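The structure appears right after this line, and notes come after that.
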Amino acid sequence: MRESGVRETTPSAPSDALPTADGDRGPALTAATVDTERHVARAGWDQPMRMFALVPTALLAEREPAMSEQLATAAPDGFTAVEQEGLPSSNDVESVLARVAWPAEVAGVALALERIVVPPEAERDLPSDPQEATEALSRHPDRRDVRLMVAVERGGSSICLLRQREHDDDDAVAVGTDLAPGLMHALFMALEDEGS
């Protein structure tokens, strides 16, 4: 039975087919990350790095009543991704993370970035200049363009999604907890620096 003015909602949950982040908040982190990755994917390829604060939806609804309509269908026990605009245009993740402060209300961070993947033999005999090496790799015939979406939360849950340009479909996104361990570690460290 619905009361007037109250909207019944079904909490969003990740598909049973998807691996889920570990920890108590793992399902909520996975659902927010999948939703955020699809949001980023709608903007196409060749994007700069994009970063999102993951805020508990209930907290955001309490502190930002003007957003109540936008949050009406969101799971109150989930996370809402808030894009961090005005990031420096850099591919150096660590330097970007060092410039961002995360208040205690931010429960986690999601980061989307595109990379070139090549077979190991393609990295032999590369020019020593980093710019020339990048150009050589981007011209390699076996290169693959991928987008990583890595998310971590203060409680220890983490998840990574990988989308390939040549298989650019929501159903073809790889999901795991160990696809980008170095990037996950960097995000955990950025949260710890501000949260401790």
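Laboratory data are not the source of any read-out in this text; all were calculated from the coordinates shown. Computed from a prediction, not measured in an experiment: that's the story for all the values here. Note that we place each Cβ from the backbone using ideal geometry, even for glycine, and neighbour counts take in every protein chain shown.
Could you please tell me which pairs satisfy a Cβ distance under 9 Å, a separation of 6+ or placement on different chains, a first residue in segment 37-48 that is polar (S, T, N, Q), and a second residue that is not in a helix (DSSP H, G or I)?
Listed by first residue and then by second, the contacts come to Q47/A112; Q47/L113; Q47/E114; Q47/R147.
If we keep just the residues of segment 177-188 that are touching a residue at least 40 places away in the same chain (Cβ under 8 Å) and either in contact with a helix residue (DSSP H, G or I) (Cβ under 6 Å, 6 or more places away or on another chain) or not in a loop (DSSP other than H, G, I, E, B) (or both), which is surrounded by the most Cβ atoms within 10 Å (Cβ to Cβ)? Steps first, answer last, please.
Filtering segment 177-188 for residues touching a residue at least 40 places away in the same chain (Cβ under 8 Å) gives 177, 183, 186-187.
This time we only want the ones that are either in contact with a helix residue (DSSP H, G or I) (Cβ under 6 Å, 6 or more places away or on another chain) or not in a loop (DSSP other than H, G, I, E, B) (or both), so: 183, 186-187.
Values: L183: 20, A186: 19, L187: 24.
Filtering segment 177-188 for residues that are touching a residue at least 40 places away in the same chain (Cβ under 8 Å) and either in contact with a helix residue (DSSP H, G or I) (Cβ under 6 Å, 6 or more places away or on another chain) or not in a loop (DSSP other than H, G, I, E, B) (or both), the one surrounded by the most Cβ atoms within 10 Å (Cβ to Cβ) comes out as L187.
Which one is farthest from N91 (Cα to Cα), of the residues in segment 127-176 that are among the small types (G, A, S) and surrounded by 19 or more Cβ atoms within 10 Å (Cβ to Cβ)?
Within segment 127-176, the subset among the small types (G, A, S) is 128, 133, 136, 138, 151, 155-158, 172, 174, 176.
The next check asks that each one be surrounded by 19 or more Cβ atoms within 10 Å (Cβ to Cβ); those that pass are 151, 157-158.
Details: A151: 18, S157: 25, S158: 22 Å.
Among them, the one singled out is S157.
Would you point out the residue of segment 35-74, among those that are among the aliphatic types (A, V, I, L, M) and out of contact with any strand residue (DSSP E or B) (no Cβ under 7 Å at 6 or more places or on another chain), that is farthest from A110 (Cα to Cα)? Can you show your working first?
Going through segment 35-74, the residues among the aliphatic types (A, V, I, L, M) turn out to be 40-41, 43, 49, 51, 53-55, 58-61, 66-67, 71-72, 74.
With the extra rule that they be out of contact with any strand residue (DSSP E or B) (no Cβ under 7 Å at 6 or more places or on another chain), the set shrinks to 43, 58-59, 61, 66-67, 72.
Values: A43: 17, A58: 19, L59: 18, A61: 20, A66: 24, M67: 21, A72: 22 Å.
Within segment 35-74, the match that is farthest from A110 (Cα to Cα) is A66.
Are there any helices (runs of 4 or more DSSP H) wholly within segment 23-114 with 2 or more residues that are under 21 Å from A190 (Cα atoms), and if so which? Don't jump to the end; show me each part of the working.
Values: elements: 26-41, 57-63, 68-71, 93-98.
Where helices (runs of 4 or more DSSP H) fall fully within segment 23-114 and carry at least 2 residues being under 21 Å from A190 (Cα atoms), they are 26-41, 93-98.
Between A136, A180, which is touching a Pro at 6+ places or on another chain (Cβ under 8 Å) and more than 19 Å from T80 (Cα to Cα)?
A136
Anything in segment 141-163 that is within 13 Å of M184 (Cα to Cα) and outside any strand (DSSP E or B)? List them, or say none. Show your work before the answer.
To start, the set of residues in segment 141-163 that are within 13 Å of M184 (Cα to Cα) comprises 148-154, 156-161.
Scanning segment 141-163 gives R154, G156, S157.
In segment 108-135, what residues are more than 22 Å from P48 (Cβ to Cβ), of a type in the set (G, A, S) and in contact with a Leu (Cβ under 8 Å, 6 or more places away or on another chain)? First the steps, then the outcome.
Initial filter on segment 108-135 (more than 22 Å from P48 (Cβ to Cβ)): 119-129.
After this cut, where a residue has to be of a type in the set (G, A, S) as well, the list is 122, 128.
If the condition is that a residue be more than 22 Å from P48 (Cβ to Cβ), of a type in the set (G, A, S) and in contact with a Leu (Cβ under 8 Å, 6 or more places away or on another chain), then A122 is the only one that fits.
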